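A short worksheet on the structure shown next.
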Amino acid sequence: MKRRPLRWNVIPDEGGQALTEFVIVIPILLLFFFAMVQYFSIVQATQLGNYAAFVAARVYAVNASYDTNALASAQKAAAIAIAPVARPVYDEIGGATGVGNTISGITSWAQQLAQSSGSELATEALDFGEGYVMAQYVRFNSDLLGGSVSCSLTNFTSSSPTQVVVSIDYPQPIFVPGLTSLWKFLGGTNIYGALSAQSAGLTGIPKYLLPLYAGNSSIQSDVSELSQYDSGLGSTIQNFISGLPTVLLPYVNIQSECSIGYSDWSGIVRLPDTVGDSTGSTTNNAMQQMQQDQQDQNNYSNAVENANQTCNNMTTAWNQLQQAQQQADENPTNSQAQSAYSQAQQTYQNFYNSNTTAQSTVNTDAGIVNNDYANLPGVSGNNVPTVGGVNCPCSCPAP
């Protein structure tokens, strides 16, 4: 019998190789995908942060000249503008603890209640309300999530006009599920430590907890020094810190700034050149009164300008009179010096009388304007603005 050689027909199978490549590549792809989603949320918050800074600057510029709570009004305006992206995200408040689960349950219950009403307006109102409350009382609270809205009046150069400068620090959470764990798995670093520079400027809770999670807290430095003297105690404290639950997401500080021109309110209500209101006598009378108030203010401003000018003229005439008198005393027989002295006396008397009249006009117009201010609707007590006369610095005697 002839022996036949055995032949093995092996069919190539690359399934194992493909699976191995998939396992290697998929975490990287997921990391890029999650990072891209998170990046888009940061861009959106940045855009709304810039708009919030503009809105806050506009509100502060309008209110600062008469409202002592202009900063609070500006912060409310910024919170309204940024509310669409300020809603609390999953596990942001309390983390994966009992407190966090309770807060998440309350938020989910409110969402379900709004959706069960069948009204899209109710759902949108709830979303906006959550965003506003979160921005106003949590994110822009320097004692909680450490954000802030600051406003100041600044002259960038000595010759530049006054500007309202608004700066916003907005704590944006890194909230995409899986991003933190993938970051550590692939990069081998703690995402809290990697983003520590981006969270700079935040105060409140992030200022103390984020460095603790990042491993570069001053407390951990103190524990390391303690371990050199008492390794057992240092190890116990370090284990306690490592075992603390993570109750705060990573944050980046989105900074926005806006400047806008500013001018003090003169107290005059600006009216259009032509008023065509025929809705009723009450409205017409109010508009006529506003126009009269504006005319009174213009008269007062013109009187102040005229009084300042006559005061300067009187001061100049008084100085010239003293010089002419000195020349006349030194040259009693010089007819030209005597004539110049007589002319200087007449000039000084004319300007003195003009100044007296101008000062009287200013005082009269100031009384009219103060009376207009006292009758402004909604203005009373210490909030009533006042104007006064012109203080001429020349101690010029009567001629």
| message | Out of everything in segment 44-87 that is more than 30 Å from Val176 (Cα to Cα), polar (S, T, N, Q) and assigned to a helix (DSSP H, G or I), what residue ends up being nearest to the chain's Cα centre (by Cα)? | response | Ser73
| Is there any pair linking a residue in segment 32-43 that is farther than 8 Å from Val176 by Cβ and not assigned by TED's automatic domain parsing to the domain that holds Val85 to one that is in a helix (DSSP H, G or I) and small (Gly, Ala, Ser), with Cβ under 9 Å and at least six apart or on different chains, and which? | none
| How about segment 70-91: which of its residues are of a type outside the set (Gly, Ala, Ser) and either at positive phi or out of contact with any helix residue (DSSP H, G or I) (no Cβ under 8 Å at 6 or more places or on another chain) (or both)? | Val89, Asp91
| task | Could you list, in sequence order, all residues of segment 260-293 that are touching a helix residue (DSSP H, G or I) at 6+ places or on another chain (Cβ under 9 Å) and at pLDDT 65 or above? | result | Ile260, Gly261, Tyr262, Ser263, Trp265, Gln289, Gln292, Asp293
| note | Residue hits (segment 181-196; surrounded by 16 or more Cβ atoms within 10 Å (Cβ to Cβ) and within 14 Å of Ala35 (Cβ to Cβ)) are Leu182, Trp183, Ile191, Leu195
| request: Please work out if Pro173 is within 24 Å of the chain's Cα centre (by Cα) and under 30 Å from Leu29 (Cβ atoms). | output: yes
| task | Take segment 319-366 and flag every residue that is exposed (fewer than 14 other Cβ atoms within 10 Å of the Cβ) and not polar (S, T, N, Q). | result | Asp329, Glu330, Pro332
| request: For residues that are of a type in the set (A, V, I, L, M), out of contact with any helix residue (DSSP H, G or I) (no Cβ under 8 Å at 6 or more places or on another chain) and at pLDDT below 90, tally how many sit in segment 26-69. | output: 2
| task | Mind listing whichever residues of segment 119-149 are within 18 Å of Gly201 (Cα to Cα), of a type in the set (Gly, Ala, Ser) and either touching a helix residue (DSSP H, G or I) at 6+ places or on another chain (Cβ under 8 Å) or free of Cβ contacts under 8 Å to residues at least 24 places away in the same chain (or both)? | result | Ala135, Ser142, Gly146, Gly147
| note | Considering segment 313-372, residues that are within 30 Å of Asp293 (Cβ to Cβ) and among the acidic types (Asp, Glu), and then whichever is modelled with the lowest pLDDT, we arrive at Asp372
| query | Val379 versus (1) under 22 Å from Met287 (Cα atoms); (2) among the hydrophobic types (A, V, I, L, M, F, W, C); (3) at pLDDT 70 or above: which is the lone unmet condition? | reply | (3)
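The values are calculated or read from the model by the stated rules, or taken from the named source; none is laboratory data. In this text, all values refer to a predicted model and were calculated from it rather than measured experimentally. As a convention, Cβ positions derive from the backbone with ideal geometry for all residues, glycine included, and neighbour counts pool all protein chains shown.
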